[in-house]
Amino acid sequence: MSYDDTTQSPEELEAMSLDELREEIADIDRELVELIARRTYVADTIAGVKERRDLPTTDETQEQAVMDRAGENAERFDVDANLVKAIFRLLIELNKVEQRESR
């Protein structure tokens, strides 16, 4: 299993108590939500640019690039690519719904 260099090593994680491990998960969950919020903010900004330039909500080329990147990053961190792509597909679809509703 791969992990980011800023996290604890597998040996350090093994030495942690169940409560400490759960706290580590809680911290990671908070960081994930923060990253989703940042991504949503940028996607909303992109939606504004698209609206001002009268561009379509959907850009299949860009969506494919996002999915390709997601798959590459999944492989880099030894995470199931199908799971990661499913998460990104959901994020993309939610952003598109928000873009359509705001127009």
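List of remarks:
- Computed from Cα atoms alone, the Kirkwood hydrodynamic radius reported for region 19-60 is 12.4 Å.
- For the chain, the longest principal axis of the Cα atoms and the long axis of helix 18-52 meet at an angle of about 10 degrees.
- Across the options A37, Q8, N73, the greatest Cα extent toward the positive end of the charge dipole of the chain (unit charges at beta carbon of Lys, Arg, Asp, Glu) belongs to A37.
- Counting heavy atoms of the protein chains alone, T45 has an accessible area of about 70 Å² for a 1.4 Å probe.
- Given the alternatives [x] 1.01; [y] 1.50; [z] 1.35, Cα Rg over 2.2 N^0.38 Å as computed for this entry is given by [z].
- For the chain, the fraction of 1.4 Å probe accessible surface lying on carbon and sulfur atoms is 54 percent.
- Virtual spin-label span in nm between V97 and T57, 7 Å along Cα→Cβ: 1.1
- Percentage relative contact order, the chain, counting C-alpha pairs under 8 Å, at least six apart: 30
- Restricting region 13-103 to chymotrypsin sites (Phe, Trp or Tyr not before Pro) in coil, as DSSP defines it, with at most 12 other Cβ within 10 Å: F77
- The angle separating the long axis of helix 81-102 from the principal Cα axis of greatest extent in the chain is about 40 degrees.
- What the chain shows is 79 Å² of accessible area per residue, with the surface traced by a 1.4 Å probe over protein heavy atoms.
- Distance between modelled label sites at L90 and L13, nm, 7 Å Cα→Cβ extension: 2.0
- A probe of 1.4 angstrom, applied to the heavy atoms of all protein chains, finds R22 with accessible area near 150 square angstrom.
- The share of C-alpha pairs in region 32-85 whose separation exceeds 14 Å stands at 67 percent.
- Only DSSP H runs of four or more residues enter the estimate; each adds -39500 (n - 2.57), and after division by the residues of the chain the mean residue ellipticity at 222 nm equals -26500 deg cm²/dmol.
- Part-to-part distance (alpha-carbon centres) for region 40-69 and region 24-38, which is given in Å: 23
The values are calculated or read from the model by the stated rules, or taken from the named source; none is laboratory data. Since the model is a prediction, treat every value here as computed from it, not as a measurement. Note: ideal-geometry Cβ built from the backbone for every residue, glycine included; neighbour counts use all protein chains shown. We work out accessible area using only protein heavy atoms, side chains counted, and drop any ligands, DNA or RNA first. Shrake-Rupley method; radii C 1.70, N 1.55, O 1.52, S 1.80 Å.
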